[in-house]
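Only one structure is covered here, and it is reproduced in the block below.
Bear in mind that the values in this text are calculations on the coordinates, not laboratory data. Keep in mind the model is a prediction, meaning the values are calculated, not measured. No Cβ is skipped: glycine too gets one built from the backbone with ideal geometry, and neighbour counts run over all protein chains shown.
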Amino acid sequence: MSDVLLSFRGREIRAAEVGFLRNLIAENPALSRRALSARACEAWNWVQSNGQLRDMVCRSLMLKLHRAGHIELPPPGNSRSTTPWVTGACASAPPKTPHPSPERLARWDSWKSASCVVPKGEEVFDHLLQEHHYLGYSRPVGEHLKYLLLAGGRPVACLGWSSAPLKLDLRDRFVGAPQEAYRHNLHLIAYNTRFLIVPWVRVPHLASQVLGVVARRISADWQGLYHHPIHLLESFVDTEHFGGTCYRAANWICVGRSEGRGTKSVRGAKPASIKDLLVYPLGKNFRQKLLASHE
């Protein structure tokens, strides 16, 4: 009988590894989740090609095991935020967001270069999505990045990005290979989980320009945080609510329509909403990068 308990990013997690984590937690009750993750990475030699520990990936695995009941992690620390932010020279966002009357920004160019996320902006980011995005806000797990775009220190847009879903037939067809051929490089794909233009701002073509600004910098930002680049962006657009016009205007490519089952659906479950999958390659050689073998 196989002792594989689950599969995580193409890696089979066996009982021996779970046992190691249980002993590590029991023998080090004072260690934080981050410190436990670092110890596990060192013990398993779980490092990136540049020698950096795969800390965020390991923490995602530990959280998945914790939620499945295989291990018991210590409570998350509350002393500081662990959310990765892209920092820049711009004013801090206020702790609470008022509801001003609709307005137009006089010039897009006046704040285009100030697209950034500030450390004090997490509360604002979460609040804006929870209150104004139709899906609300959910805390990301694993590698992820939040952008809070400001104009004169005032929130204008929110974009959330995370690791790509494991299985997408539409993506396989676009890449031109089965998922098994590039599963080891899924971390090179970023998934746009949330996109919000605050409802009181009215600027023609603003959403597509925001997508363009973020597309030009996200790979470098991801490299700075997780020590690897991004070669492909992807996002689902719910066709019951949106037409995906801003993505298409920003030169994203619609590669097909889902069957309404969702990425985590089970057979016999009620169909989810129908969605278009749109992608944006970050370079002409993105297929070569995704299909490259392990370094």
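Where the eigenvalues come from the Cα gyration tensor of region 112-291, what are the semi-axes √(5λ) of the equivalent ellipsoid, largest first, in whole Å?
Numbers: eigenvalues 132, 80, 50 Å².
Whole-Å semi-axes of the equivalent ellipsoid: 26, 20, 16.
Net charge near V18: determine it from the other residues with C-beta under 14 Å of the C-beta of V18, scoring Lys and Arg +1 and Asp and Glu -1. Intermediate values should be presented prior to the final figure.
On the way: positive: R11, R14, R22, K64, R67; negative: D3, E12, E17, E72.
It works out to a net charge of +1.
Near D126: Cβ cut-off under 10 Å, other residues only, Lys/Arg at +1 and Asp/Glu at -1. The net charge is -1.
Positive-end ranking of Q52, H66, F20 along the dipole of region 4-67, with charges on Cβ about the Cα centre, is headed by H66.
Each of L145, L188, F125 was placed along the dipole of region 112-291 (beta-carbon charges, centred on the mean Cα), and the one lying farthest toward the positive end is L188. Of the peptides 66-75, 201-210, the order by per-residue mean of other Cβ atoms within 10 Å, starting with the highest, comes out as 201-210, 66-75. For R194, the residues 5 or more places off, or on other chains, whose built amide H falls under 5 Å of its own are G160.
In region 4-67, one over the average inverse separation of all distinct C-alpha pairs is 12.0 Å, which is the Kirkwood hydrodynamic radius. For S37, the shell of other residues with beta-carbons less than 14 Å away shows a net charge of +2, using +1 for Lys and Arg and -1 for Asp and Glu.
Between the C-alpha center of region 8-58 and that of region 128-174 there is a gap of 27 Å.
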